[in-house]
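Asker: I have a structure here, written as structure tokens, and I will follow up with some questions on it.
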Amino acid sequence: MSSKTVKCDLLVIGSGAAGMAAALKAASEGHSVIVAEKSKWLGGTTAISGGWAWVPGNKQGVAEGDTRAEIELYIKTLAKDCFKAEMVQTFLDAVPEAIDWLERETDVEFVYPEMAPDYQMDAPGAKPSGRAISGKVADGRILGQNRLRVRPYLDTYTVFGYMPEVGPDIAQFLHANQSWKSFVYVSKKLVKTWAETVAFRRAFDRTNGNSLMVRMVSSAAKLGIRMWTETPVTEIVRGENGIVRGAVLGGAHEGTVEARLGVVIAAGGYSADASLRARYWRHDPDGANHFTPTVGHDGDNVRLAAPFGGHVDTDVHEPAAWAPVTVFTGLRKQQRLFPHLRAFGLPGLIAVNRHGKRFANESSSYHDFGVAMIEDNADSDRTFGYIIADSKAMRKYGIGYAKPWPIPQGYFKKTGFLHKANTVAELADKIGVDASGLKETLSEFNAGAAQGKDPAFNRGSNWFHHFKGDMEHTPNPNLEPLDRGPYYAAKIQMGDLGAYSGLAVDRHSQVLDDDNRPVPGLFAAGSAAVSIFGGGYPGYGANIGPALVFGYTIGRDAALLAEQRQQPTPSAVTEDV
Ligand SMILES: Cc1cc2nc3c(=O)[nH]c(=O)nc-3n(C[C@H](O)[C@H](O)[C@H](O)COP(=O)(O)OP(=O)(O)OC[C@H]3O[C@@H](n4cnc5c(N)ncnc54)[C@H](O)[C@@H]3O)c2cc1C
């Protein structure tokens, strides 16, 4: 093992939104920062995400009349018995400062969409806009030599290599088979993408979470932050005084880092660790009933903090941000995942269980849908369902990864993503679903859908549902009978966007030990730490919003906390920051 020792002020483990926010703020305060990233790419799951950040109290929301009281009420309602008052206060206090700082002092730019409804529009305090923002499209060339170091998009999310930007851009893609104007728009985007990919290995325009990471990495390079890829942190070390003082690194920068102000665990959560899932997730006791699209969330957060008494805070009513996925096999026989974050609430699509019965409002959020899917399968060791579409819906919208007309369906069928049959009974047989149950479900659903109603689950009954549907469809943006063959199905299984039950932390994001005392010099943020929403999913960006904000506060406060540790009254540490 190398005995090389490198010194810095702050060591950050992981290069996603949380880690980079901490690194940027600390470096801007004049501290030397190292970001150790175990993957060969920078950006983590954030780089493949939608890039939304739920940051209530931002300037747009305030201008639209959003109030702290409404925000708190909304969060409290969703958190149920797991409301984390102190963490929520800290978050809300810091949102304006963190977002303004990112926009003013770094290359990060956000888009403030006119409409991005909260996910629970029927809950008190919900708002149709003003709380969720997203990363503005970036030109990858701002990265210079680092251009190809940021993780590429999630390939199942791209349309022939292009990743549609959330908002008007994606709307053009969704209408490309219905409007010439949209078709021309999409064609131009695709031709540009292909030409740049052939000539420069990657298209210049970066969208969604990728744009956020391009912008953060660009700023990090300007601030002289050392970004070490292929460098896993294997152990965190502390001095004889009990204060964390660095870590042991492997891989490309094998050796030891001494970090004067401490170490930030921004390594993601444990979604990809079967034994931790088995311990904490009720639907996955054998560790084989879950498929995560997150990257690098291998449970290193838990393992790295354990020697200090760091432990998982399970005081959340849902332990992860759920997102149903379709699991299928690529042409090179690799496992591929498609997270269904939008497609459920479109007219002419429904979701059913193995009995052919609906079990949830398909236009609720992927998180709420996931909760319903887990409950519905509680008596079984495998959690799954099927999205069903008729030929009208398939032709107009497709089913997630299986694109609509005029894209040929052969590939989607060959990879096992899509199943097709001429009749409802035939489809049920093909996918192993109870045929009479499915027929009955369709006749019930169709009767209401024709009137724009869903008496069983109230689908299409609020703004958020409509936003997830087809706003141009009447009489209800979410409802249309499934009555024209052939019929289609895609299997959905349980997936997530990041664990909610993460390391227990205090309001300074300091990791807590077994006695709930802060471990001096050890911080955690992002999916590595417990979610502040208590298991609820408030709106677009429920993971990245807090990751950015708490990353920022760690970078802001680490030096002050270190200074306070030098004071003679250790019990007073952290009180006044
Ligand atoms: C398809 C998709 C879309 C999503 N869209 C959104 C969205 O729009 N808004 C939202 O809020 N959430 C979204 N999410 C969830 C969100 O992306 C993640 O929860 C969030 O990005 C996590 O940020 P993070 O900084 O905690 O971790 P990450 O961005 O995952 O970064 C963690 C990094 O730590 C590295 N790491 C792990 N262990 C070590 C170690 N020992 N040493 C060094 N490095 C290590 C990992 O390799 C990884 O690169 C989405 C997720 C997916 C999959």
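Asker: Any idea which of E196, E258 is touching a residue at least 24 places away in the same chain (Cβ under 8 Å), in contact with a strand residue (DSSP E or B) (Cβ under 9 Å, 6 or more places away or on another chain) and surrounded by 15 or more Cβ atoms within 10 Å (Cβ to Cβ)?
Answerer: On the way: E196 fails: touching a residue at least 24 places away in the same chain (Cβ under 8 Å).
Unique residue meeting the criteria: E258.
Asker: Scan G61, G57 and give me the residue that is in a loop (DSSP other than H, G, I, E, B), more than 20 Å from V150 (Cα to Cα), under 24 Å from the mean Cα position of the chain (by Cα) and touching a residue at least 12 places away in the same chain (Cβ under 8 Å). Walk me through how you get there before you give the answer.
Answerer: Numbers: G61 fails: in a loop (DSSP other than H, G, I, E, B).
Just a single option satisfies the conditions, and that option is G57.
Asker: Considering every residue within the range 479-486, establish whether at least one is under 30 Å from A428 (Cβ atoms), in contact with a His (Cβ under 9 Å, 6 or more places away or on another chain) and outside the structural domain of G551 (by TED's automatic domain parsing). Let's see the steps before the verdict.
Answerer: Taking the range 479-486 as the starting set, the residues that turn out to be under 30 Å from A428 (Cβ atoms) are 479-486.
Those left that are additionally in contact with a His (Cβ under 9 Å, 6 or more places away or on another chain): 479-480.
Of the ones still in play, those that are also outside the structural domain of G551 (by TED's automatic domain parsing) are 479-480.
Yes, the range 479-486 has at least one match.
Per-residue answers, yes or no, for (1) crowded, with 21+ Cβ neighbours inside 10 Å; (2) without any contact (Cβ under 8 Å) to a residue 12 or more places away in the chain; (3) assigned to a helix (DSSP H, G or I):
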| residue | (1), (2), (3) |
| --- | --- |
| M115 | no, no, no |
| M121 | no, no, no |
| G125 | no, no, no |
| T156 | no, no, yes |
| A171 | no, yes, yes |
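Asker: Of all residues in the range 135-154, which are in a strand (DSSP E or B) and more than 20 Å from the chain's Cα centre (by Cα)? Show your work before the answer.
Answerer: Here is the first cut: in the range 135-154, the ones in a strand (DSSP E or B) are 135, 138-139, 150.
D139 - this is the single residue of the range 135-154 that is in a strand (DSSP E or B) and more than 20 Å from the chain's Cα centre (by Cα).
Asker: Right, here's the next one. For the range 53-66, does any single residue satisfy the condition of being more than 25 Å from K136 (Cβ to Cβ), in contact with a strand residue (DSSP E or B) (Cβ under 8 Å, 6 or more places away or on another chain) and in the same structural domain as G130 (by TED's automatic domain parsing)?
Answerer: Scanning the range 53-66 turns up no residue that is more than 25 Å from K136 (Cβ to Cβ), in contact with a strand residue (DSSP E or B) (Cβ under 8 Å, 6 or more places away or on another chain) and in the same structural domain as G130 (by TED's automatic domain parsing).
Asker: Then there's this: Condition first: more than 16 Å from the ligand (Cβ to nearest atom), among the hydroxyl-bearing types (S, T, Y) and surrounded by 16 or more Cβ atoms within 10 Å (Cβ to Cβ). Can you find one or more residues in the range 215-230 that meet it? Outline the logic, then answer.
Answerer: Initially, the range 215-230 is screened for residues more than 16 Å from the ligand (Cβ to nearest atom), giving 218, 221-224.
Still in the list and also among the hydroxyl-bearing types (S, T, Y): 218.
Pick out the ones that are also surrounded by 16 or more Cβ atoms within 10 Å (Cβ to Cβ) and you get 218.
Checked the range 215-230: at least one residue is more than 16 Å from the ligand (Cβ to nearest atom), among the hydroxyl-bearing types (S, T, Y) and surrounded by 16 or more Cβ atoms within 10 Å (Cβ to Cβ).
Asker: Might you check whether a residue that is within 16 Å of the ligand (Cβ to nearest atom), of a type outside the set (A, V, I, L, M, F, W, C), touching a Ser or Thr at 6+ places or on another chain (Cβ under 6 Å) and at positive phi occurs anywhere in the range 309-319?
Answerer: No - not one qualifying residue is present in the range 309-319.
Asker: Continuing with the same structure: Does G287 fit the bill of being within 10 Å of the ligand (Cβ to nearest atom) and free of Cβ contacts under 8 Å to residues at least 40 places away in the same chain?
Answerer: On the way: within 10 Å of the ligand (Cβ to nearest atom): no; free of Cβ contacts under 8 Å to residues at least 40 places away in the same chain: yes.
Taking the combined requirement at face value, the residue does not satisfy it.
Asker: Which residue pairs have Cβ atoms under 7 Å apart, sit 6 or more places apart or on different chains, and have a first residue in the range 391-411 that is at pLDDT below 95 and a second that is β-branched (V, I, T) and not in a loop (DSSP other than H, G, I, E, B)?
Answerer: Close Cβ pairs satisfying both conditions: G400/T326; Y401/T156; Y401/T326.
Asker: Follow-up. Against the condition modelled with pLDDT of 95 or more and in contact with a helix residue (DSSP H, G or I) (Cβ under 7 Å, 6 or more places away or on another chain), how does K453 come out, does it pass?
Answerer: On the way: modelled with pLDDT of 95 or more: yes; in contact with a helix residue (DSSP H, G or I) (Cβ under 7 Å, 6 or more places away or on another chain): no.
In short, no.
Asker: Please work out which one of (1) in contact with a Ser or Thr (Cβ under 8 Å, 6 or more places away or on another chain); (2) surrounded by 20 or more Cβ atoms within 10 Å (Cβ to Cβ); (3) hydrophobic (A, V, I, L, M, F, W, C) is the condition M87 fails and give its number.
Answerer: Every condition holds for M87 apart from (1).
Asker: How many residues are outside any loop (DSSP other than H, G, I, E, B), surrounded by 14 or more Cβ atoms within 10 Å (Cβ to Cβ) and under 33 Å from the mean Cα position of the chain (by Cα) if we restrict to the range 397-429?
Answerer: 9
Asker: Which residues, counting only those in the range 70-110, are touching a residue at least 60 places away in the same chain (Cβ under 8 Å) and aromatic (F, W, Y)?
Answerer: Y74, F83, F91, W101
Asker: Just need a number here: residues in the range 42-66 that are within 11 Å of the ligand (Cβ to nearest atom) and in contact with a Leu (Cβ under 9 Å, 6 or more places away or on another chain).
Answerer: Total meeting the criteria: 10.
Asker: Sticking with this one: What's the number of the only condition in (1) closer than 30 Å to D483 by Cβ; (2) modelled with pLDDT of 95 or more; (3) within 16 Å of the ligand (Cβ to nearest atom); (4) of a type outside the set (K, R) that F344 fails to meet?
Answerer: (2)
Asker: State the number of residues belonging to the range 1-20 that are within 30 Å of the chain's Cα centre (by Cα) and more than 13 Å from L42 (Cα to Cα).
Answerer: Within the range 1-20, the subset within 30 Å of the chain's Cα centre (by Cα) is 9-20.
Within this subset, residues satisfying the condition of being more than 13 Å from L42 (Cα to Cα) are 9-11.
Final tally of qualifying residues: 3.
Asker: Follow-up. Do any residues in the range 291-305 that are part of a loop (DSSP other than H, G, I, E, B) and of a type in the set (A, V, I, L, M) have Cβ atoms under 8 Å from those of residues that are at pLDDT 95 or above and more than 6 Å from the ligand (Cβ to nearest atom), where the two are at least six apart or on different chains, and which pairs are they?
Answerer: V295/R151
Asker: Answer yes or no as to whether V137 is buried (at least 16 other Cβ atoms within 10 Å of the Cβ) and within 16 Å of the ligand (Cβ to nearest atom). Write out each step before concluding.
Answerer: Numbers: buried (at least 16 other Cβ atoms within 10 Å of the Cβ): yes; within 16 Å of the ligand (Cβ to nearest atom): yes.
So V137 fits the description; yes.
Asker: Of A79, A126, A116, A98, which residue is within 21 Å of the chain's Cα centre (by Cα) and within 22 Å of A23 (Cβ to Cβ)?
Answerer: On the way: A79 fails: within 22 Å of A23 (Cβ to Cβ); A126 fails: within 22 Å of A23 (Cβ to Cβ); A116 fails: within 22 Å of A23 (Cβ to Cβ).
Selected residue: A98, the only one of A79, A126, A116, A98 that is within 21 Å of the chain's Cα centre (by Cα) and within 22 Å of A23 (Cβ to Cβ).
Asker: Follow-up. How many residues are within 14 Å of the ligand (Cβ to nearest atom) and hydrophobic (A, V, I, L, M, F, W, C) if we restrict to the range 1-32?
Answerer: Selection size over the range 1-32: 10.
Asker: Given the structure, is N210 more than 10 Å from the ligand (Cβ to nearest atom) and surrounded by fewer than 19 Cβ atoms within 10 Å (Cβ to Cβ)?
Answerer: Details: more than 10 Å from the ligand (Cβ to nearest atom): yes; surrounded by fewer than 19 Cβ atoms within 10 Å (Cβ to Cβ): no.
When the stated conditions are applied, N210 does not pass them.
Residue-wise test of (1) over 27 Å from A221 (Cβ atoms); (2) touching a Phe, Trp or Tyr at 6+ places or on another chain (Cβ under 9 Å); (3) part of a helix (DSSP H, G or I).
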site	(1), (2), (3)
S39	no, no, no
K76	yes, yes, yes
M87	yes, yes, yes
D93	yes, no, yes
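Asker: Within the range 310-320, identify whether any single residue is touching an Asp or Glu at 6+ places or on another chain (Cβ under 8 Å), outside any loop (DSSP other than H, G, I, E, B) and modelled with pLDDT of 95 or more, and answer yes or no. Break it down stepwise before answering.
Answerer: To start, the set of residues in the range 310-320 that are touching an Asp or Glu at 6+ places or on another chain (Cβ under 8 Å) comprises 310-311, 317, 320.
Next, from what is left, pick out any that are outside any loop (DSSP other than H, G, I, E, B): 320.
Keeping just the survivors that are modelled with pLDDT of 95 or more gives 320.
Within the range 310-320 (the criterion being touching an Asp or Glu at 6+ places or on another chain (Cβ under 8 Å), outside any loop (DSSP other than H, G, I, E, B) and modelled with pLDDT of 95 or more), the answer is yes, since at least one residue qualifies.
Asker: Out of all the residues in the range 261-282, which are in a loop (DSSP other than H, G, I, E, B), surrounded by 23 or more Cβ atoms within 10 Å (Cβ to Cβ) and more than 11 Å from the ligand (Cβ to nearest atom)? Before you say what the answer is, go through the steps one by one.
Answerer: Here is the first cut: in the range 261-282, the ones in a loop (DSSP other than H, G, I, E, B) are 266-273, 281-282.
Checking which are surrounded by 23 or more Cβ atoms within 10 Å (Cβ to Cβ) leaves us with 266-271, 281.
The answer is W281, and nothing else.
Asker: Write out, first by first residue and then by second, each pair whose Cβ atoms fall under 8 Å of each other, whose residues are 6+ apart or on separate chains, and whose first residue, in the range 368-389, is without any contact (Cβ under 8 Å) to a residue 24 or more places away in the chain and closer than 23 Å to G534 by Cα while the second is small (G, A, S) and not in a helix (DSSP H, G or I).
Answerer: Final answer for the pair search is A372/A360; A372/S364; D376/A360; D376/G385.
Asker: Kindly indicate which of G356, G348 is surrounded by 24 or more Cβ atoms within 10 Å (Cβ to Cβ) and at positive phi.
Answerer: On the way: G356 fails: surrounded by 24 or more Cβ atoms within 10 Å (Cβ to Cβ).
Going through G356, G348 in turn, just one is surrounded by 24 or more Cβ atoms within 10 Å (Cβ to Cβ) and at positive phi: G348.
The values are calculated or read from the model by the stated rules, or taken from the named source; none is laboratory data. Since the model is a prediction, treat every value here as computed from it, not as a measurement. FYI the Cβ positions are ideal-geometry reconstructions off the backbone, even for glycines, and counts take in every protein chain you see.
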